[in-house]
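Please read the structure below before turning to the comments.
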Amino acid sequence: MINQFKKNGFDAIGWGWAGGEVTFNPHFLTILDEIQSYKMKMTTNLVTNLSQSLKWWKIFVENTKKFKKVRVNASWHKEYLKEENKKLLFKEKLVFLKDNNISTVVNCVMLPGELEEMKKLTDFFDKVQIPVMIKACRDGGKVIKGYTKEEFDYVQKQIKHKNPKVMLTIDDDNNEYYYSSAEQLIAGSNLNFLGWQCTAGYQSITISENGTVTRGSVCKPQILGNIKTGFKIFDKVEKCITNWNCHCGSDLKMPKWRSDEYNMSEVGR
Ligand code: SF4
């Protein structure tokens, strides 16, 4: 994988881990060790429910020291985090990670009618300067019905403690729009890029739990192989052939453009 990305001209790799609870895979820390043994700039981004003990997170901190940047996206599952002691322990683990130079963010899905609860959650973490990203609930790639305008605005405008310029879109009239997260863009739009040039598959790949390598998460019918038997990354940027809403944050972040006037193939090099 690393050699194929190098061949495509990339000298840095960002690893993203999500799905199930990755930290309970007994090989996870060993895999992180192996990745860091390569002489290449690496970053890592983990989505977790933080259910491992504080002792385990101490080992995680030690085992990720050679990454240029480590980010932990902690999923706040409000249905399991009802008692005060559980909430405090969740926060304690995040503060520990933050104090050890790990970039931390809390993710929470807001259902219609939960705006006040989300504001309280944001305040809870605001005190320790940890950003909270509130997401709208989606079903089949589309945001479910029932949100008020105020709730929608809250999802789209939240930028506290966050870089407000994480993502950029440019429209046909050359207007630029910045977003602090992919979620802001996903929340209010139907994002169909059929026929656009997209760097997914060339600059990024997705690996499922069974080892299948695909172009992306939304475009998973485009199979590139399997990590056990071999796979081939695209050797050039290809058009999107998926007529679905590109609603997955990691897919959406991959540079894509309709007209070659805005070719963004150099982004990320
Ligand atoms: S990442 Fe999105 S835009 Fe790119 S090929 Fe996949 S579905 Fe299409």
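Within the listed set LEU81, LEU111, LEU54, the residue fluctuating most in the Gaussian network model of the chain (springs between alpha-carbon atoms under 10 angstrom) is LEU81. Placing unit charges on the Cβ atoms of the charged side chains and taking the dipole of region 190-269 about its Cα centre, the candidate lying farthest along the positive direction among TYR262, THR242, THR212 is THR212. As a length-normalised measure over Cα pairs under 8 Å and 6 or more apart, the relative contact order of the chain settles at 14 percent. With the simple spin-label model, which puts each label point 7 Å out from Cα in the Cβ direction, the PHE24 to LEU54 separation comes to 2.3 nm. Find out how many positive minus negative residues lie around TYR80, taking Lys and Arg as positive, Asp and Glu as negative, among other residues whose Cβ is under 14 Å from that of TYR80. It works out to a net charge of 0. For region 72-84, putting each phi into the Karplus relation 6.51 cos²θ - 1.76 cosθ + 1.60 with θ = phi - 60° gives couplings of 10, 9, 8, 7, 8, 9, 4, 5, 9, 10, 8, 6, 4 Hz, in residue order, rounded to whole numbers and with x for Gly and Pro. The Cβ shell under 9 Å around PRO112 holds other residues with a net charge of -1, Lys and Arg each +1, Asp and Glu each -1.
Along the chain, the exposed loop sites are GluC sites (Glu not before Pro) outside DSSP states H, G, I, E and B with at most 14 other Cβ atoms within 10 Å, and the longest stretch free of them is 84-208. Taking the centroid of alpha carbons for each part, region 17-80 and region 200-247 are 23 Å apart. Sparse packing (at most 16 other Cβ atoms within 10 Å of the Cβ) combined with a DSSP loop state is found for the following trypsin sites (Lys or Arg not before Pro) in region 32-78: LYS39, LYS65, LYS66, LYS68, LYS78. Among the trypsin sites (Lys or Arg not before Pro) in region 182-252, those placed in a DSSP loop whose Cβ has at most 13 other Cβ atoms within 10 Å are LYS228, LYS232, LYS236. Computed from backbone phi, the HN-Hα couplings of region 108-117 come to 9, 8, 9, 8, x, x, 9, 4, 4, 4 Hz, rounded to whole numbers (Karplus: 6.51 cos²θ - 1.76 cosθ + 1.60, θ = phi - 60°; Gly and Pro given as x). Restricting attention to the chain, close to 45% of DSSP beta bridges with both partner residues there are antiparallel. Each residue of region 235-251 was assigned a 3J(HN,Hα) from its phi angle through the Karplus expression (A = 6.51, B = -1.76, C = 1.60, θ = phi - 60°), giving 9, 7, 5, 10, 6, 6, 10, 9, 9, 10, 5, 7, 9, 8, x, 5, 5 Hz with x at Gly and Pro. What the Cβ-Cβ distance of ASP171 and ASP123 gives, at R0 = 41 Å and to the nearest 0.05, is a FRET efficiency of 0.70.
Computed from the coordinates by the stated procedures, all read-outs in this text should not be read as laboratory data. A quick note: this is a predicted structure, and the numbers were derived from the prediction, not measured. As a convention, Cβ positions derive from the backbone with ideal geometry for all residues, glycine included, and neighbour counts pool all protein chains shown.
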